[in-house]
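Worksheet: the structure to be examined is printed underneath.
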Amino acid sequence: MAKSSSTLSNLVDIIPRKRQFDLQAELSQAWHGNNVFRTAFFNALSMQFPKGEHAFIESLRAYRDQIDGDQLKAQVRAFIGQEGFHSREHQRYNDALVQRYGEEAIADIEARFSHHMDFVANLPRSRKLAGTCAAEHFTAAMAQILLSNPAALDGVSDEMKALWHWHAVEEIEHKAVAYDVFQQQIGSERMRLIVYGFVTYNFSKHTLLNMLDMLKAEGKLWSPGTWIGGANFLWGRPGVLRRALPHFLAYLRPGFHPWDIDDRPLIAEWKARYEPELAAESAAAGAKLAQA
Ligand SMILES: [Fe+2]
Ligand SMILES: [Fe+2]
């Protein structure tokens with residue numbers, strides 16, 4: 001018999017993996033295949049992660065004491081662990097972007113997003129949790145594209161791929177946690193859908209504005225070739241957003257659950273690719289400690 005979506009929530013392990021990537025030098029370059037648009041697109045997303053993920057954590061902490069069920073409580077703890085590590089690593093990533101875009105551009109981007117997140121921080125906790133569910137749906141959709149479509153990171157170094165793949169797989173592992181808490185504690189379809197509209201608008205707006213600031217800082221804002229190639233990357237081939245569109249829209253289906261989209265095979269593929277490497281790294285670190 002097929003497993004129901006909420007059963008799948010309980011079958012997927014959520015494992016916080018503390019990782020650090022050596023990307024400082026690369027982040028001063030057009031690291032995505034020497035393409036400024038693609039590089040700016042991913043950098044523009046990253047600029048939203050530390051504060052965004054901090055807000056996701058806070059939105060779940062606000063309900064932590066009243067969550068029913070040991071398994072869901074444990075999933076919330078694992079969610080907080082994963083997002084905490086992502087936030088820390090993307091802050092290091094964003095700090096390094098100063099080398100590429102200059103202090104002024106990065107400060108402007110930070111200030112604009114902080115202003116938005118200050119507004120979000122003052123919303124009622126139910127809206128904040130609905131916002132986390134919506135943003136988590138976007139990150140899960142993008143994660144699916146990154147893990148299932150190698151062309152999305154074509155021409156990118158192994159270390160940079162490892163960062164984005166690590167973040168992506170953990171977004172898939174924990175994609176239903178905020179959603180399951182929302183269903184248990186609030187369960188309003190109306191609020192879920194209305195807030196999704198706001199989050200769609202704000203996520204798109206901030207990604208676009210961040211990209212404009214970045215392209216402006218490097219004198220590529222008015223380059224037609226940059227925009228034509230970029231539009232093709234997002235909407236043509238590989239069509240990162242075109243491919244994600246059905247996933248984005250799935251959230252609008254009444255009674256939707258994140259595990260209606262069963263992407264456990266992507267988690268298994270990630271583990272097959274990266275876990276031997278991680279095991280070797282931690283064995284080497286253990287040997288170093290034993291020698292010291
Ligand atoms: Fe994350
Ligand atoms: Fe997340």
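Read-outs: derived from the displayed coordinates by stated rules, not from any lab. Fair warning: this is a prediction, and the values are worked out from it, not measured in the lab. Quick reminder, even Gly has a Cβ in these numbers, built from the backbone with ideal geometry, and neighbours come from all protein chains shown.
Go through (1) farther than 12 Å from H54 by Cα; (2) surrounded by 15 or more Cβ atoms within 10 Å (Cβ to Cβ); (3) of a type outside the set (S, T, N, Q) for H86 and report which single condition fails.
Result: H86 passes all but (1).
For the stretch 97-137, how many residues are among the hydroxyl-bearing types (S, T, Y) and under 16 Å from K51 (Cα atoms)?
Start the filter on the stretch 97-137 by keeping residues that are among the hydroxyl-bearing types (S, T, Y), which leaves 101, 114, 126, 132.
Checking the rest, the ones that are also under 16 Å from K51 (Cα atoms) come to 114, 132.
Summing the residues that are among the hydroxyl-bearing types (S, T, Y) and under 16 Å from K51 (Cα atoms) in the stretch 97-137 gives 2.
Note down all Cβ pairs under 8 Å where the first residue falls in the stretch 67-85 and is closer than 22 Å to G187 by Cβ and away from ligand 1 (no atom under 15 Å from the Cβ), the second is part of a helix (DSSP H, G or I) and among the polar types (S, T, N, Q), and they're at least six residues apart or on different chains.
Partner pairs satisfying both residue conditions: I67/Q184; I67/Q185; D68/Q184; G69/Q184; L72/Q184.
Looking only at helices (runs of 4 or more DSSP H) that lie completely in the stretch 1-81, which have at least 2 residues being touching a Ser or Thr at 6+ places or on another chain (Cβ under 9 Å) and within 30 Å of L221 (Cβ to Cβ)? Quick ask: steps written out before the conclusion?
Numbers: elements: 5-9, 36-46, 49-61.
Those helices (runs of 4 or more DSSP H) span 36-46, 49-61.
Return the residue satisfying two criteria in turn: it lies in the stretch 106-119 and is crowded, with 19+ Cβ neighbours inside 10 Å and not aromatic (F, W, Y), and of such residues it is nearest to the chain's Cα centre (by Cα). Walk me through how you get there before you give the answer.
Step one: of the stretch 106-119, the residues crowded, with 19+ Cβ neighbours inside 10 Å are 106, 109, 113.
Those still in the list that are not aromatic (F, W, Y) too: 106, 109.
Values: I106: 20, I109: 18 Å.
For the stretch 106-119, the residue satisfying everything is I109.
Checking K175 against (1) within 19 Å of I57 (Cβ to Cβ); (2) part of a helix (DSSP H, G or I), only one condition comes out false. Which one?
That leaves (2) as the condition not met.
Given the condition aromatic (F, W, Y), away from ligand 2 (no atom under 16 Å from the Cβ) and surrounded by 14 or more Cβ atoms within 10 Å (Cβ to Cβ), answer yes or no: does some residue in the stretch 190-202 qualify? Please lay out each step first, then the result.
Initial filter on the stretch 190-202 (aromatic (F, W, Y)): 196, 198, 201.
Pick out the ones that are also away from ligand 2 (no atom under 16 Å from the Cβ) and you get 198, 201.
Restricting the remaining residues to those that are surrounded by 14 or more Cβ atoms within 10 Å (Cβ to Cβ) gives 198.
Scanning the stretch 190-202 turns up at least one residue that is aromatic (F, W, Y), away from ligand 2 (no atom under 16 Å from the Cβ) and surrounded by 14 or more Cβ atoms within 10 Å (Cβ to Cβ).
With respect to the numbered conditions (1) surrounded by 10 or more Cβ atoms within 10 Å (Cβ to Cβ); (2) over 21 Å from V169 (Cβ atoms); (3) among the basic types (K, R), which one is the sole condition not fulfilled by R264?
Here R264 clears every test but (2).
Let's see how each residue does on (1) closer than 27 Å to F21 by Cα; (2) in contact (Cβ under 8 Å) with a residue 24 or more places away in the chain; (3) not in a helix (DSSP H, G or I):
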| site | (1), (2), (3) |
| --- | --- |
| P238 | yes, yes, yes |
| L241 | yes, no, no |
| P246 | no, no, no |
| L249 | no, no, no |
| P254 | no, yes, yes |
| I267 | yes, yes, no |
| E275 | yes, no, no |
| A280 | yes, no, no |
| A285 | yes, no, no |
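Among the residues of the stretch 83-92, is there at least one that is more than 14 Å from ligand 2 (Cβ to nearest atom), under 19 Å from the mean Cα position of the chain (by Cα) and not charged (D, E, K, R)?
yes
State which residue is farthest from the chain's Cα centre (by Cα) when the search covers only the stretch 195-228 and only residues that are free of Cβ contacts under 8 Å to residues at least 60 places away in the same chain and within 22 Å of L129 (Cβ to Cβ).
Of everything passing the filter in the stretch 195-228, G197 is farthest from the chain's Cα centre (by Cα).
Need at least 2 residues that are in contact with a Leu (Cβ under 8 Å, 6 or more places away or on another chain), within 16 Å of ligand 2 (Cβ to nearest atom) and not aromatic (F, W, Y) per element, so show me which helices (runs of 4 or more DSSP H) inside the stretch 96-172 make the cut, counting only ones lying wholly within it.
Per the criteria, 125-148.
Quick test of your reading of the structure: L146 fulfils all but one of (1) under 19 Å from F42 (Cα atoms); (2) surrounded by fewer than 19 Cβ atoms within 10 Å (Cβ to Cβ). Name the failing condition by number.
Evaluating L146 over (1) under 19 Å from F42 (Cα atoms); (2) surrounded by fewer than 19 Cβ atoms within 10 Å (Cβ to Cβ) leaves (2) as the failure.
Condition first: of a type in the set (G, A, S) and away from ligand 1 (no atom under 16 Å from the Cβ). Now tell me which residues in the stretch 86-119 satisfy that. Don't jump to the end; show me each part of the working.
In the first step, residues of the stretch 86-119 are kept if they are of a type in the set (G, A, S); the result is 87, 96, 102, 105, 107, 111, 114.
Matches in the stretch 86-119: A96, G102, A105, A107, A111, S114.
Please find, among A134, A111, A141, the residue that is aliphatic (A, V, I, L, M) and free of Cβ contacts under 8 Å to residues at least 24 places away in the same chain. Quick ask: steps written out before the conclusion?
Working: A134 fails: free of Cβ contacts under 8 Å to residues at least 24 places away in the same chain; A141 fails: free of Cβ contacts under 8 Å to residues at least 24 places away in the same chain.
Result of the check over A134, A111, A141: A111.
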